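Structure record follows, encoded as structure tokens.
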Amino acid sequence: MDPCLDLYYPNHEVNARTLLLDYFSQHVPYSIFKETTVNMMRCFYKVFSSGLVSGETLIDLSVGPAIVHLLSVCEFLEEISILKFSDGAIRELELWRHKDPEAFVWTHTLKLFMELKEMSRDGWQDAEEMLRRKVKRVVPCDFSKDNPTNPFALPRADCVTCVWGLEMLSRDNDEFRITLRKTSNLIKLGGHLVIYANINASYFMVGDCKYHLLNLDDSFLRQTLIDEGFAIVHHENLEREACTDRLDHVQMSFVVARKVMEP
């Protein structure tokens, strides 16, 4: 890891509310919001609404307390479990789940999602309530352990979603392979892993703090998935649109991979 980057998530906790304000608020520059919200909603909704990914249970392994991608897919599932690396992210999600007045407000994103579905914006509250009902648990996890959810026993899921998770948990390519293998253990054989990843990045900023990102190459990502027993069924690259120096990725990669072998 670059010695000038002394913060590594999750060992150094990210301020969860600041992360939401810096990347998911309606007040951030639109170029950032388009990548973190608009493009992501379109990608996830497209593959789930098409039937390419199906099942009843989903485990989410993503950065911070963002719910954008889960909002996009919850109508196609029955039960969602969320894994979080930090207490701050768990607190933010629980504030939202329990409708606490201090919770981050997702109204703008919810209304945009209704537009994406070509439905009336007035239905945004129903969409949010559906997601709340389907999130059954928020569980702390630690990927330095052989079983990241220990001591909680979590059944394998039909699908795992991962937004900016693997590249933040991994300090080098070898650790990425190990993390991917542990992620695979959360998925049923025949189930899917859906990844929205930063490509060729080295850091991201939250407030004034700079955090490490694995410089993940798109070809390495795809080959490692294959090596670990996945078959890629959908792949697209989205060119960088964010006009900011708060993160330095070159593009985003959206990959859907079916688990065809045990690791």
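The values are calculated or read from the model by the stated rules, or taken from the named source; none is laboratory data. Nothing here was measured: the structure is a model prediction, and the numbers come from that model. Virtual Cβ from ideal backbone geometry, glycine too; neighbours counted across all protein chains shown. Heavy atoms of the whole protein, side chains included, go into the accessibility calculation; ligands, DNA and RNA do not. Shrake-Rupley method; radii C 1.70, N 1.55, O 1.52, S 1.80 Å.
Checking the conditions here, which among 183, 109 is polar (S, T, N, Q) and closer than 19 Å to residue 48 by Cα?
Answer to the selection: 109.
With respect to residue 19, determine if the residue is in contact with a strand residue (DSSP E or B) (Cβ under 7 Å, 6 or more places away or on another chain) and in a helix (DSSP H, G or I).
Yes.
Would you please name the residue that is farthest from residue 85 (Cα to Cα), looking only at residues in the range 121-144 that are among the basic types (Lys, Arg) and modelled with pLDDT of 95 or more?
In this case the residue turns out to be 133.
How about the range 25-95: which helices (runs of 4 or more DSSP H) wholly inside it have at least 1 residues that are under 14 Å from the mean Cα position of the chain (by Cα)?
39-49, 68-73
Quick check on the range 109-116. Is at least one of its residues open to solvent by less than 40 Å² (accessible area, probe 1.4 Å), on the phi < 0 side of the Ramachandran plot and β-branched (Val, Ile, Thr)?
Checking the range 109-116: at least one residue is open to solvent by less than 40 Å² (accessible area, probe 1.4 Å), on the phi < 0 side of the Ramachandran plot and β-branched (Val, Ile, Thr).
Could you please give the count of residues in the range 33-89 that are aromatic (Phe, Trp, Tyr), more than 27 Å from residue 244 (Cβ to Cβ) and buried (at least 23 other Cβ atoms within 10 Å of the Cβ)?
So the count comes out to 1.
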